[in-house]
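Student: Sharing a structure below in structure tokens format, with a few things to ask.
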Amino acid sequence: MEAKIIDGNQIASKIKQDLRSEIDKIKAQGISPHLEAVMVGGNQGAKIYAGNQEKACKELGISYKLNELPESTSQKELEDFILQLNKNPKVTGIILQMPVPSHINGREVQMKICPSKDVEGIHPFNIGKLIYGENVLAPCTALAVMEILKSTKVSLKGKEVVIVGHSEIVGKPLVLLLLQSSLESPTPTVCHIATKDLAFHTKRADVLIVAVGKAGLIKGDMLKEGAIVIDVGINRVNNKIVGDVIFDEAVKKASFITPVPGGVGPVTTAMLLKNTIACLAGTAGSGKE
Ligand code: NAD
């Protein structure tokens with residue numbers, strides 16, 4: 001069996017197309033979406049990511065500004081900068097580019113972002129709402145995985161979904177998103193660094209989602225025949241970008257598979273834009289600054 005390769009760019013284009021008409025309606029009401037990103041120090045990866053965000057925003061007529069603060073910025077200075085953005089009515093969405101320098105506690109800073117401007121869906125207020133299924137703003141990568149699963153049109157009801165990786169932006173919120181329907185939900189299992197027998201779990205997965213950051217972690221013989229495989233991992237190996245799954249082996253066994261690059265990545269960016277518009281639609285969290 002040769003898997004159907006899921007085209008993340010195509011899914012992302014469709015999401016952006018749908019957003020265009022929403023943005024037109026919002027602009028007709030005199031509201032302009034405006035995203036501000038804050039980057040501390042000159043991390044190369046963060047710069048590339050910010051460049052991609054800017055390009056995606058411009059495509060849809062969302063204005064974008066990258067604030068580059070010096071490496072020497074203190075925790076207090078950075079938090080104050082975020083509080084100013086919270087107060088500015090022209091700023092409708094805020095992103096703190098990660099990683100931040102080691103003297104800064106990034107999570108503490110992210111908590112200062114007003115929940116209704118939290119386009120990355122990582123503020124405790126928004127994460128907390130996920131528990132109740134009120135997930136207007138959720139972490140973009142977890143939302144991207146849900147969109148990709150939806151695109152396969154395969155019902156998840158009662159399926160065994162195994163997630164490898166339990167981070168705050170992928171594995172943990174994904175479990176909550178997967179469990180949102182009381183009658184249609186799959187049965188999620190989350191594996192992580194302390195999981196004793198990873199292959200035992202992956203082999204029984206109807207759907208396998210891998211978000212670790214280790215090239216070659218998932219081999220073909222660790223998959224169930226016909227599984228849906230979503231590879232979130234991004235690794236640079238010999239100047240090439242690869243995922244966590246050995247693609248050439250997995251493609252022979254899976255029913256659907258995401259490539260890296262061109263799978264989860266573009267959909268994640270599209271979900272950032274979707275969250276940006278959700279903030280404007282007034283449907284997002286409205287916790288205090
Ligand atoms: P993280 O470092 O926060 O978490 C890694 C997880 O992997 C942890 O839960 C850890 O317990 C688990 N893990 C580590 N080694 C393991 C092992 N041998 N077996 C099983 N589990 C193991 O990572 P993250 O921020 O969630 O990112 C994970 C990967 O996804 C990275 O490669 C990152 O670059 C990528 N990523 C991609 C996108 C995208 O849009 N495509 C977005 C976010 C992250």
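The values are calculated or read from the model by the stated rules, or taken from the named source; none is laboratory data. Predicted model only: the values in this text are computed from it and were never measured. Note that we place each Cβ from the backbone using ideal geometry, even for glycine, and neighbour counts take in every protein chain shown. All accessible areas refer to the heavy atoms of the entire protein, side chains included, with ligands and DNA or RNA removed. Shrake-Rupley method; radii C 1.70, N 1.55, O 1.52, S 1.80 Å.
Student: Determine the relative contact order of region 140-265: mean sequence separation of Cα pairs under 8 Å and six or more apart, normalised by residue count, in whole percent.
Tutor: 22
Student: Rounded to whole Å and sorted largest first, what semi-axes of the equivalent ellipsoid does the C-alpha gyration tensor of the chain yield via the square root of 5 times each eigenvalue?
Tutor: They are 32, 21, 18 Å, listed from largest to smallest.
Student: Can you list the lysines whose alpha carbon sits under 16 Å from that of residue 203, skipping same-chain ones fewer than 8 residues off?
Tutor: The reachable lysines, counting only those whose Cα sits under 16 Å from residue 203, are 159, 219, 224, 252, 253.
Student: Would you mind computing, in nm to one decimal, how far apart the modelled labels at residue 24 and residue 75 are, each placed 7 Å from Cα along Cα→Cβ?
Tutor: Taking the simple label geometry, residue 24 and residue 75 are separated by 4.8 nm.
Student: If you don't mind, there's one more thing I want to ask. In region 1-101, which trypsin sites (Lys or Arg not before Pro) are in a loop and have at most 15 other Cβ atoms within 10 Å, using DSSP for the loop call?
Tutor: For trypsin sites (Lys or Arg not before Pro) across region 1-101 that sit outside H, G, I, E and B with at most 15 neighbouring Cβ atoms in 10 Å, the list reads 90.
Student: Rank 137, 23, 188 by how far each Cα sits towards the positive end of the charge dipole of the chain (+1 on Lys, Arg Cβ; -1 on Asp, Glu Cβ) and give me just the farthest.
Tutor: Going by the Cα projections, it comes out as 23.
Student: How much of the accessible area of region 140-265, in percent, comes from carbon and sulfur atoms when a 1.4 Å probe is used?
Tutor: Whole-percent figure for carbon plus sulfur exposure: 58.
Student: Need the list of aspartates and glutamates near residue 157 for cross-linking: C-alpha distance under 18 angstrom, and skip anything on the same chain fewer than eight residues off.
Tutor: Straight-line reach from residue 157, under 18 Å: 147, 184, 206.
Student: If you build a Gaussian network model of the chain, linking Cα atoms that sit under 10 Å apart, which residue out of 92, 187, 195 swings the most?
Tutor: Result for the chain, Cα springs under 10 Å: 195 fluctuates most.
Student: Give me the extension gain from residue 134 to residue 31: residue separation times 0.36 nm, minus the current Cα-Cα distance, reported in nm with one decimal.
Tutor: Length gained, residue 134 through residue 31: 34.6 nm.
Student: Which lysines have a Cα lying under 25 Å from the Cα of residue 58, excluding residues fewer than 8 positions away in the same chain?
Tutor: Correct list for residue 58: 14, 16, 25, 27, 47, 87, 90, 117, 274.
Student: Could you please tell me the mean projected area of the C-alpha convex hull for region 140-265, averaged over all directions and given in square nanometres to one decimal?
Tutor: Spelled out: convex hull of the Cα atoms, projected over all directions, averaged, 7.2 nm².
Student: List the relative contact order of the chain as a percent without decimals, with contacts defined as Cα pairs under 8 Å and 6+ residues apart.
Tutor: For the chain, the relative contact order is 25 percent.
Student: Moving to a separate point now. To the nearest 0.05, what FRET efficiency results for residue 90 and residue 168 with a Förster distance of 35 Å applied to their C-beta separation?
Tutor: Plugging the Cβ-Cβ distance into 1/(1 + (r/R0)^6) gives 0.75.
Student: Mind checking which of 165, 93, 45 has the largest fluctuation in a GNM of the chain, springs on alpha carbons under 10 Å?
Tutor: 45
Student: Before I look further, what does the chain give for accessible area per residue, probe 1.4 Å, in whole square angstrom?
Tutor: Accessible surface, normalised per residue, equals 48 Å².
Student: So how much slack lies between residue 236 and residue 58, counting 0.36 nm per residue of separation and subtracting their Cα-Cα distance, in nm?
Tutor: Here the answer is 61.3 nm.
Student: Anyone know which of 138, 50, 28 comes out most mobile in the 10 Å Cα GNM of the chain?
Tutor: Comparing 138, 50, 28 in a Gaussian network model of the chain, the most mobile one is 28.
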